[in-house]
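Colleague: The following block contains the structure, expressed as structure tokens.
The values are calculated or read from the model by the stated rules, or taken from the named source; none is laboratory data. This is a predicted model, so every value here is computed, not measured. Cβ placement follows ideal geometry from the backbone for every residue including glycine, while neighbour counts extend to all protein chains displayed.
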């Protein structure tokens, strides 16, 4: 028997006139299956007890405090489930707050339908969906710090961990990273998990947010760091150039083409 490879989706949105057409639209796409839809977070939690899903598409348009509590409980109870927030707000500060809670990406309701499909595709493949608003939200904390406090806080990570994060930002696979660092794939997987535990972040988005905040990514390529490693062998990584904060969106598109 061929195993069903469909991505299992759940929808949480108060407005049936939006939720039902969205369900029909997503269900018509190959590889997607809407298995739950609800207007009520409590009903959703009850359904999730016996219906596993891969991605929740969540309208954060409910009163903000409620949205925050729902996301916190979802991350605590269903840590493996991925969350795409779909809302009307285009506030970078609002999206930044959601990123801090552990969402996987954010899509504005004014975006084209293809934007949501691309977000689902990226998140289901454990890739960061870097649209303009979400990228700006990732940089928000660092921009605020630059306006209020000069200097850079020390990083908790060693040089190898920083190199791995930079290669992840370039969307290198675990195998590609292992080959570049002369480590096993299992070692890379363990280091990635150790980094998350050290930083107390739950998702790769949270990891990148920390890295952007501490200027681990965004200004220098991984090759420069690797070449300074003691005993490093001679090899080259793709020369991606600097990544200024204001050029983040354009750079994100370029990084997609590297791998």
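Colleague: In the range 122-134, is there at least one residue being buried (at least 18 other Cβ atoms within 10 Å of the Cβ), modelled with pLDDT of 75 or more and more than 15 Å from the chain's Cα centre (by Cα)?
Modeller: no
Colleague: Let me ask something else. Yes or no: the range 36-53 includes at least one residue that is touching a residue at least 12 places away in the same chain (Cβ under 8 Å), in a loop (DSSP other than H, G, I, E, B) and under 26 Å from residue 207 (Cα atoms).
Modeller: yes
Colleague: Here is a check on your reading of the model: is residue 9 at pLDDT 95 or above, under 19 Å from residue 206 (Cβ atoms) and not in a helix (DSSP H, G or I)? Lay out the reasoning, then the answer.
Modeller: Working: at pLDDT 95 or above: yes; under 19 Å from residue 206 (Cβ atoms): no; not in a helix (DSSP H, G or I): yes.
So residue 9 fails the test.
Colleague: Of the residues that sit in the range 48-73 and are more than 16 Å from the chain's Cα centre (by Cα) and modelled with pLDDT of 90 or more, which one is surrounded by the most Cβ atoms within 10 Å (Cβ to Cβ)?
Modeller: This residue is 53.
Colleague: Another one. Quick check: anything in the range 89-101 assigned to a helix (DSSP H, G or I), within 22 Å of residue 189 (Cα to Cα), in contact (Cβ under 8 Å) with a residue 12 or more places away in the chain and within 12 Å of the chain's Cα centre (by Cα)?
Modeller: For the range 89-101, residues assigned to a helix (DSSP H, G or I), within 22 Å of residue 189 (Cα to Cα), in contact (Cβ under 8 Å) with a residue 12 or more places away in the chain and within 12 Å of the chain's Cα centre (by Cα): absent.
Colleague: When you go through (1) assigned to a strand (DSSP E or B); (2) modelled with pLDDT of 90 or more one by one for residue 23, which number turns out not to apply?
Modeller: Only one criterion is unmet by residue 23, namely (1).
Colleague: Now a separate question. Looking only at the range 135-170, count every residue that is at pLDDT below 80 and either surrounded by 20 or more Cβ atoms within 10 Å (Cβ to Cβ) or not in a loop (DSSP other than H, G, I, E, B) (or both) and tell me the total.
Modeller: Adding up the residues that qualify gives 15.
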